[in-house]
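Visitor: Below is a structure I'd like to ask you about.
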Amino acid sequence: MHDWEALYQARTTGWDRGEASPALNKWLEQGMFAQDASILVPGCGRGYEVLELAKRGFDVTALDLAPSAIASLNTSLQAEKVAATTVCIDIFDYRPISSFDVIYEQTCLCAIEPTQRELYEQCLSQWLKPNGLLLFSMMQTGALAGPPFHCDLLEMRTLFDTTRWQWLDDAPFVITRELQSQRFELGFVLKRI
């Protein structure tokens, strides 16, 4: 497993946009979040999306393995005088009391080892209510190594197969990464069956 805390401590966080992903605004505009929705953000990092959702009054739970990331998010939440549940935990150890209406998957999958993808998909399925939405940003690197690990669309279609997932978008939207122009993300919405 990658030592994410060490990267935060060394301030080597090239993946960090410094602001919420453009995907969040697109999904907010499309009405993907019901006002009373419970939202999970696994692998939240410094939690820019968590902060934005909390400022809009959503019930948000944020998970990250790195204590520095969670501490940064907690500081931001306090500064904005908004609340979210933050949990410093290995995502594979997380066992919520109840499932969520929406999972905002902001490239957490690309940060874990590919050998753990099936386990992660099972976690997502367990965490999400039936008919709940998975808002999914798939990292496109074109590289064999990582992290971030490339999320090949055909592999993702196999991983998130039709026994548990309905792909609501046939065509993705592209999420650019200005600081890393050779990389981009594909945004999809999946529904838990």
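Nothing in this text is a laboratory measurement; each read-out follows from the coordinates by a stated rule. If you're wondering where the values come from, they're calculated on a predicted model, not measured in any experiment. Cβ placement follows ideal geometry from the backbone for every residue including glycine, while neighbour counts extend to all protein chains displayed.
Visitor: Quick check: from the Cα gyration tensor, does segment 84-193 come out rounded (a/c under 1.5), prolate or oblate? Write out the running numbers ahead of the final one.
Guide: Working: a/c = 1.62, a/b = 1.31, b/c = 1.23.
Prolate shape, in that a/c is at least 1.5 and a/b is the bigger ratio.
Visitor: Amide H neighbours of Ser38 under 5 Å, at least 5 residues apart or on other chains, H built in the peptide plane: list them.
Guide: Distant-sequence amide H within range of Ser38: Asp101, Val102.
Visitor: Taking every DSSP beta bridge with both residues inside the chain, roughly what % is antiparallel (nearest 5)? Don't skip to the end; give the middle numbers.
Guide: Numbers: 15 of 31 bridges.
So the antiparallel bridges in the chain amount to around 50 percent.
Visitor: Less than 22 Å apart at the alpha-carbon level, and either on another chain or at least 8 residues along: which lysines does that give for Lys26?
Guide: By straight Cα distance, Lys26 reaches Lys55, Lys191.
Visitor: Scan around Ala62 for amide H atoms under 5 Å from its own, H built in the peptide plane at 1.01 Å from N, and keep only partners 5 or more places away or cross-chain.
Guide: For Ala62, whose amide H was placed from the backbone, the distant partners under 5 Å are Val41, Thr85, Thr86, Val87.
Visitor: Pull out a ≥ b ≥ c, the square roots of the eigenvalues of the alpha-carbon gyration tensor of segment 35-98, then state rounded if a/c is under 1.5, prolate if not and a/b is larger than b/c, and oblate in the remaining case. Walk me through the numbers on the way to the answer.
Guide: Values: a/c = 2.21, a/b = 1.15, b/c = 1.93.
Taking the square roots of the gyration eigenvalues as a ≥ b ≥ c, segment 35-98 is oblate.
Visitor: Sticking with this structure for a sec: Please list, ordered by chain and number, the residues whose modelled amide H lies under 5 Å from the amide H of Phe184; skip anything fewer than 5 residues away on the same chain.
Guide: HN-HN under 5 Å from Phe184: Gln140.
Visitor: Here's something else I'd like to know. Convert each backbone phi in segment 182-191 into a coupling constant with the Karplus relation 6.51 cos²θ - 1.76 cosθ + 1.60 (shift: θ = phi - 60°), then list the ³J(HN,Hα) values in order as whole Hz, x for Gly and Pro.
Guide: Result, ordered by residue: 6, 10, 8, 10, 10, x, 10, 10, 10, 10 Hz.
Visitor: Ranked highest first by average number of other Cβ atoms within 10 Å, how do 59-71, 88-100 line up?
Guide: Values: 59-71: 22.0, 88-100: 13.2.
By packing density, highest mean first, the sequence is 59-71, 88-100.
Visitor: Now, a different point. Leu168 to Tyr94: FRET efficiency via 1/(1 + (r/R0)^6), r the Cβ-Cβ distance, R0 22 Å, to the nearest 0.05?
Guide: Working: r = 25 Å, r/R0 = 1.14.
FRET efficiency, Leu168 to Tyr94: 0.30.
Visitor: Follow-up question, since we're still on this one. Sum -39500 (n - 2.57) across every DSSP H segment of at least 4 residues in the chain, then divide by the residue count to get the 222 nm mean residue ellipticity, nearest 500. Before the final figure, lay out each step's value.
Guide: On the way: 6 runs with 54 residues, N = 193.
Mean residue ellipticity, 222 nm, calculated: -8000 deg cm²/dmol.
Visitor: Moving to a separate point now. Provide the per-residue ³J(HN,Hα) series for segment 147-152, in order, calculated from phi with Karplus coefficients 6.51, -1.76, 1.60 and θ = phi - 60°, each as a whole number of Hz, with x at glycine and proline positions.
Guide: With coefficients 6.51, -1.76 and 1.60, one gets x, x, 8, 4, 10, 4 Hz.
Visitor: How large is ³J(HN,Hα) for each residue in segment 46-59, as worked out from phi by the Karplus curve 6.51 cos²θ - 1.76 cosθ + 1.60 (θ = phi - 60°), to whole Hz, x for Gly and Pro?
Guide: Residue by residue, segment 46-59 yields 6, x, 4, 5, 4, 4, 5, 5, 5, 5, 8, x, 6, 8 Hz.
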